[in-house]
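The values are calculated or read from the model by the stated rules, or taken from the named source; none is laboratory data. What you are looking at is a predicted structure, and each value in this text was computed from that prediction instead of being measured. For neighbour counting, all protein chains shown are included, and Cβ atoms are generated from backbone atoms with ideal geometry for every residue, glycine included.
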Amino acid sequence: MEKGRILLAVTGFHPQRWRELLSAEREVVLEPDGASDPSITYAVVWKQRPNLLSALPNLRAVFSIGAGVDHIFADPTLPDVPIVKVVADNLTQYMTEYVVWRVLDHHRQGMLYRSQQKKKIWHEPPQRPASDISVGIMGLGTLGRAAASVLLSLGFPVNGWSRSDRPMKDVSTYSGEAGLIPFLNATDILVVLLPLTPQTQGIVNYGVLKELRKRNGLGGSVLINAGRGRLQKDADIVRALEDGTLKEASLDVFEVEPLPKTSPLWSHPKVFMTPHAAATSDPVHLAPIMLRQMAAFERGEKLENIVDRDAGY
Ligand code: NDP
Ligand code: OXD
């Protein structure tokens, strides 16, 4: 197989560093150049323009620069070539850090202490052990399992929910529709690490939040969403925080990004937010992985981490 050229189309990211690093081994064409160029065989993308990929006559594979691929499926004329998602130690480590940071902050009452400090209040609330608080990971995939291991090592009981049966040592696992309510009923802190698909869109709604365990040492249930914004209903989260269904939330993702300035989530006292920054795609780590995959593919080897088109992730 010939050494193919790459089309780089990364909306919302600075393309320069990606281009520089990918150019180490092959020619890179930056969108909008390259439309219908027959010498392009790979596309490296984030939120590519609709109909861009179907115009490339010799496209052999699409590489997402993120672990999520919903941004690729938004294209109505997506050609039938393999789509490769990111699976990389560096990204997994970032996400584990984010999840553990947010779980510990809620567990150790960071919100209360920050508010006390502002008011110069010297008060020590009761402490409780991690073993009293269960963390439920919705989406026990690459990122969910890595975070689960570290949470277990800190003493938290961990539950996991996935589409198919995914046993994991020391984790109580649940799957499919039948497993959802029992999973939620056993969970104090819900960590969402699902992909966005037609089946998961809007899944983090008021009804689901209502099922979380509330009688616990935390004094309420907590939501942490670092998956995708459209998994959740922002308005349902506000309602749940207002009526005590949720005690607090950490949100990295939102239905609309950037979060509109009018959203009540910006200034909600029970919300900690980050701007879709839980695990950043770092080209220094990811570009060499993509180049290695392209070279292996041209030697006749199989691409790794191919998206299951039917499942949508
Ligand atoms: P994986 O594909 O490895 O894992 C996805 C998990 O979700 C799997 O356990 C899968 O089940 C489960 N799942 C999918 N659909 C359903 C469903 N309908 N019902 C129940 N469970 C379901 O993905 P990753 O762990 O690599 O990434 C997860 C997501 O995290 C990405 O898709 C992306 O949206 C988000 N992300 C966010 C980032 C950020 O900065 N905020 C950074 C990186 C990723 P099964 O095991 O049975 O297949
Ligand atoms: C991803 C992301 O999917 O950063 O990797 O959201």
Problem set entry | Leu152 vs. criteria surrounded by fewer than 22 Cβ atoms within 10 Å (Cβ to Cβ), without any contact (Cβ under 8 Å) to a residue 24 or more places away in the chain and in contact with an Asp or Glu (Cβ under 6 Å, 6 or more places away or on another chain) | yes
For this session: Name every residue in segment 52-64 that is surrounded by fewer than 22 Cβ atoms within 10 Å (Cβ to Cβ) and either of a type in the set (D, E, K, R) or within 16 Å of ligand 2 (Cβ to nearest atom) (or both), in order of residue number.
Result: Arg60
For this session: Can you work out which of the residues in segment 260-297 that are more than 20 Å from Trp18 (Cβ to Cβ) and among the charged types (D, E, K, R) is farthest from ligand 2 (Cβ to nearest atom)?
Result: Lys270
For this session: For Lys47, work out the one condition from (1) within 16 Å of ligand 1 (Cβ to nearest atom); (2) touching a helix residue (DSSP H, G or I) at 6+ places or on another chain (Cβ under 9 Å); (3) farther than 18 Å from Arg228 by Cβ it doesn't fulfil.
Result: (3)
Exercise. Quick check, is Ala147 among the small types (Gly, Ala, Ser), modelled with pLDDT of 95 or more and more than 16 Å from ligand 2 (Cβ to nearest atom)?
Worked result: no
Problem set entry | The one condition in (1) surrounded by 14 or more Cβ atoms within 10 Å (Cβ to Cβ); (2) of a type outside the set (Asp, Glu); (3) out of contact with any helix residue (DSSP H, G or I) (no Cβ under 6 Å at 6 or more places or on another chain) that Thr92 fails to fulfil | (3)
Problem set entry | segment 194-237, residues that are among the polar types (S, T, N, Q) and in contact with a Leu (Cβ under 9 Å, 6 or more places away or on another chain) | Thr200, Gln201, Ser221, Asn225, Gln232
Exercise. What about Ser36, is it outside the structural domain of Thr197 (by the TED database) and on the phi > 0 side of the Ramachandran plot?
Worked result: yes
For this session: Considering (1) surrounded by fewer than 18 Cβ atoms within 10 Å (Cβ to Cβ); (2) more than 22 Å from the chain's Cα centre (by Cα); (3) modelled with pLDDT of 95 or more, say which one Tyr206 fails and leave the rest.
Result: (2)
